[in-house]
Amino acid sequence: VKDSGRGGLAVHDPHAADGAADRLRLLQELRTALAQGEFRLHYQPRVRLAGGATTGVEALVRWQHPERGLLGPGEFIEVAEASGLIRELGAWVLDSAVAQTAAWNAAGVGVQVSVNISTRQLADPDLVLLVTSALARHGVPASQVVLEITETALMVDPETALSTLQVLAGLGMQIAVDDFGTGYASLTYLQRFPVHELKIDRSFVSGVVDSAPDRAIVGACVHLARSMGLVCVAEGVETDEQRDVLLSLGCDLAQGYLFSRPRPAGSRP
Ligand code: C2E
Ligand code: CA
Ligand code: CA
């Protein structure tokens, strides 16, 4: 028991302390993992709903843990983001994704590669240099890279985000709003920021067949994207029925288990 500092006594909470200790241990493990090259990228194709052609891939980070096996970002990205380690991890992700794009280009299959940019990375003044040096190092044109940013990340420091994205878009990169419709931002950012693509969140897509409100929301997103000249991508498409509804609503592209799970890079995307 110790003084809480506000005139009361706080009982030591063993769970809270364990949580902090766990996070610290995880952070140390993540640093080691980065140094030892335990991270991997898996790629999930994005396909044209009309016809099914693959137009690009999204890079999704994985951790090949020596004891626990392959871990998804849900197990570690939050700790990386909170600690600032996301800068190094994000730099690794960017470089690896651009290197893989160059390898596919050399094999004669040019596709766009989408990379997730976290809130902290977007606020990092070095982001532009990081991206441009990865492109230069591997000889990949900016037009092949899509940067996926959540509306929440745009709103944390809108002025910095705006100037960074203007530079990146000016260089030819595409900007996608990820998890579209789930943040708290007002839609006015679509007028201010250089945005090329809306990714409709899986939470709406999963209800598109059975829920009239979800279908209405997805329909409105598609309309908004089309009328602003933006590409519209549906996330998390799992069934033929969902694909058919999305196609009838006029959505351009889709990603999801129906087409492919994320998987390691092969000779073709
Ligand atoms: P996200 O950007 O919304 O990525 C889509 C997530 O949905 C991925 O989960 C993907 O594997 C999963 N998914 C794709 N199709 C389907 C489907 O049909 N059904 C279902 N149920 N899920 C599907 P994942 O790979 O676990 O990534 C989770 C989140 O972690 C991502 O959400 C993204 O926010 C973050 N993330 C992933 N890679 C990176 C990265 O390199 N950097 C940063 N900053 N964040 C990343
Ligand atoms: Ca994404
Ligand atoms: Ca999502």
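Each reported figure results from applying straightforward, stated rules to the coordinates on display, with no laboratory input. Computed from a predicted model, the values in this text were never measured in an experiment. All Cβ positions, glycine included, derive from the backbone under ideal geometry; neighbour counts span all protein chains shown.
Can you figure out the FRET efficiency of Q166 with S203, using R₀ = 25 Å and their beta-carbon distance, to the nearest 0.05? Provide the component values of the computation, followed by the final result.
Details: r = 30 Å, r/R0 = 1.20.
Calculated transfer efficiency: 0.25.
Suppose R0 equals 25 Å. What FRET efficiency, 1/(1 + (r/R0)^6) with r the Cβ-Cβ distance, do T55 and A123 give to the nearest 0.05? Before the final figure, lay out each step's value.
Working: r = 30 Å, r/R0 = 1.19.
E between T55 and A123, to the nearest 0.05, is 0.25.
Counting Lys and Arg as +1 and Asp and Glu as -1 over every other residue whose Cβ lies under 9 Å from the Cβ of V205, the net charge comes to -3.
Can you tell me the length gained on complete extension of the stretch Q64 to L258, counting 0.36 nm per residue apart and subtracting the Cα distance?
Numbers: separation 194, 0.36 × 194 = 69.84 nm, distance 2.50 nm.
Between Q64 and L258, full extension yields an extra 67.3 nm.
Fully extending the segment from T239 to A216, taken as 0.36 nm per residue of separation minus the present Cα-Cα distance, adds 6.4 nm.
Measuring between their Cα centroids, the stretch 188-244 and the stretch 111-160 lie 22 Å from each other. Since only F204, L60, S118 are under comparison, the one whose Cα sits farthest along the positive direction of the charge dipole of the chain, derived from C-beta charges on Lys, Arg, Asp and Glu, is L60. Going from the fewest other Cβ atoms within 10 Å to the most, the residues T239, T54 appear in the order T239, T54. Computing FRET efficiency as 1/(1 + (r/R0)^6) for R25 and A136, where r is the C-beta to C-beta distance and R0 is 35 Å, gives about 0.40.
Taking the chain as a Gaussian network of alpha-carbon nodes connected by springs under 10 Å, the highest mean-square fluctuation of the residues A21, A161, A234 belongs to A21.
With the simple model of a label 7 Å out from the Cα in the direction of the Cβ, T188 to E75 spans 4.3 nm.
Taking a ≥ b ≥ c as the square roots of the eigenvalues of the alpha-carbon gyration tensor, the stretch 138-269 is classed oblate because a/c is 1.5 or more while a/b is no larger than b/c.
Evaluate the charge dipole of the chain about its Cα centre and quote only its size in Debye, nearest 20, assuming +1 on the Cβ of each Lys and Arg and -1 on the Cβ of each Asp and Glu.
Numbers: 22 positive and 31 negative charges, 117 e Å.
The dipole magnitude comes to about 560 debye.
Take every Cα pair under 8 Å in the stretch 193-268 that's 6+ residues apart, average their separations, divide by the length, and report that relative contact order as a whole percent. Let's see the in-between values first.
Values: 103 pairs, mean separation 23.8, N = 76.
About 31 percent, as a whole number.
In the chain, helices alone account for a calculated mean residue ellipticity at 222 nm of -13500 deg cm²/dmol, with every DSSP H run of four or more residues adding -39,500 (n - 2.57).
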